[in-house]
Amino acid sequence: MNIICAYTVNVDAVYNVRGEEISSLISSSSLASDIKIELKDSIGSREDLLSSLSFCMQQGSGAEILVESPEVARQIEESFSWQFRLGGNAGIMANVLAALGAKPVLNAPALGARLAGMFHAGVSVPGSSLREREMVHFVFQFKKGDEVASGQSRIIAPSDNRFIATYDPVNTRLLTSKHFDSYCQENIRNFDGALLSGFHLAPFKDYQEIFAQKIEQIKSWKDKNPQIFIHVEMGSFQSPQIMLSLLESLPQIPVDSLGLNEDELAAAEGSLPGRWRWQETMQAAQRLQERLGLFRVAVHTRDYILSVMLEGKITAVEELSALQQGTDAAAALAATGSITGDLPEEVNYVGLEAKEQFCCNGATAVGRGAFLLSGEKIISLMPSLLAKKPLITVGLGDTATAAVFFQELLVIKGNRT
């Protein structure tokens, strides 16, 4: 099964937050008394970083903010001890797909030896040569209960999550290598699917130009191969305006499937991020699917994955099976560091309660999940498994998305033959 994976891949520099170390940096800062706990639009100093990280820890939320200059990025790199692993939505998803047996073709325009060594053997990078300096994103991974002192106040993280600081002139422009572009154009009829992401990194001043170029490329693929199944994954955009601009462009391609988390769904709705009840999330997903006219919209949260899709390509039971594959892959990665690791035994209690309430509202239970037929739509919900002491919190959404996509594509491809 041949799958395009674009647009972003990089090295993730991961720091597991130590509360006393962050507290020390805040207290030693020359601007300690002026540091406000808020999410900055961009990171122009270490103080901006500490402010944004503190905000995410206070809220238990995730975010990705662009770093303004290489000098600030260098200061961040020198301030912490890092562990390095594969990052970037497309890179993570390509590795998952390859591990599952697919043949992903990955865009990697800035490929260094360290990054190349992180790819699964089954990942193909057209025309790859180890000349470029790879891009590095700084990932601050925190856990529920982590504490940070900020001035006179104390922050206690209510849940596991991560904050990402990114200086990346390659991925922020969604650049592609000429070898990747030509390979996709020449072989597009041989591809079964495309997993596309990274649009959230586009800066405000350039996003219209960048999106226009990418939309033209993706549309050319769909025009030459109408059977290709295209999924676009959202991310933490700098501005809701950027996200809405992209969303309104997707039906023009047309894209088949859209994925996002609950914060991104709130942005698409014009609402503030927050803990929505499953009913609100499901209703918002239905509104988005209807507004865009896409075949499928999926929302992944830490408690469950739900999808709203039209009948025709995948049955309800097949979709639930795909969603379970996704939740299980993410849980295994969180718990063990590998998608093939042992699964946690406990089902997320919030997701399980949502499933039970869903069934009380007319849904049919199938295994761990449930589905509801509503007109021409199939609405599915699958609770997550609970990794109580996660080793990894970054990339879980990408992992789930790739595993779900793989299973869906197997069904769609099987139905064509």
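The values are calculated or read from the model by the stated rules, or taken from the named source; none is laboratory data. None of the values given here were measured: they were computed from a predicted structure. No Cβ is skipped: glycine too gets one built from the backbone with ideal geometry, and neighbour counts run over all protein chains shown. Just the protein is used for accessible areas: all its heavy atoms, side chains included, with ligands, DNA and RNA removed. Shrake-Rupley method; radii C 1.70, N 1.55, O 1.52, S 1.80 Å.
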The chain: DSSP helices with Cα axial extent of at least 27 Å and average Kyte-Doolittle hydropathy no lower than -1.0 = 316-336, 396-416
Heavy-atom accessible area of residue 173 with all protein chains present, probe 1.4 Å, nearest 10 Å²?
-> 70
Quick shape check on the stretch 45-88: root eigenvalues a ≥ b ≥ c of the Cα gyration tensor, a/c under 1.5 is rounded, otherwise prolate if a/b tops b/c, else oblate, and it reads oblate
Just from its helices, what would the mean residue ellipticity at 222 nm be for the chain, if runs of 4 or more DSSP H residues each count -39500 (n - 2.57) and the sum is divided by every residue, rounded to the nearest 500 deg cm²/dmol?
-> -12500 deg cm²/dmol
Charged-residue dipole, Cβ positions (Lys, Arg, Asp, Glu), the stretch 1-139 about Cα centre, Debye nearest 20 | 640
When only DSSP loop residues count, what GluC sites (Glu not before Pro) in the stretch 286-364 have their Cβ near at most 16 other Cβ atoms within 10 Å?
-> 311, 345, 346
Here the net charge surrounding residue 363, from other residues whose Cβ is less than 11 Å away from its Cβ (Lys, Arg +1; Asp, Glu -1), is 0
Can you bin the stretch 280-346 into rounded, prolate or oblate? Criterion: square roots of the alpha carbon gyration tensor eigenvalues sorted a ≥ b ≥ c, rounded for a/c under 1.5, prolate for a/b above b/c, oblate for the rest.
-> prolate
Considering only protein heavy atoms, what is the solvent-accessible area of residue 304 at a probe of 1.4 Å, reported in Å² to the nearest 10?
-> 10
Give, in nm to one decimal, the length gained when the segment between residue 346 and residue 391 is fully stretched (0.36 nm per residue of separation minus the Cα-Cα distance).
-> 14.5 nm
Structure shown: which of 103/224; 40/389; 222/413; 103/413; 355/377 lie over 23 Å apart, alpha-carbon to alpha-carbon?
-> 40/389
So for the stretch 316-409, using the alpha carbon gyration tensor with a ≥ b ≥ c as root eigenvalues (a/c under 1.5 gives rounded; past that, a/b versus b/c decides prolate or oblate), I'd call it oblate
Got a number for carbon plus sulfur as a percent of the chain's accessible area, 1.4 Å probe?
-> 48
Once the other residues with Cβ under 15 Å from the Cβ of residue 81 are scored (Lys, Arg +1; Asp, Glu -1), what is the net sum?
-> -3
Scan around residue 137 for amide H atoms under 5 Å from its own, H built in the peptide plane at 1.01 Å from N, and keep only partners 5 or more places away or cross-chain.
-> 11, 12, 13
Mind ranking 276-282, 9-15, 203-209 by how tightly packed they are, going by the mean number of other C-beta atoms within 10 angstrom, highest first?
-> 9-15, 276-282, 203-209
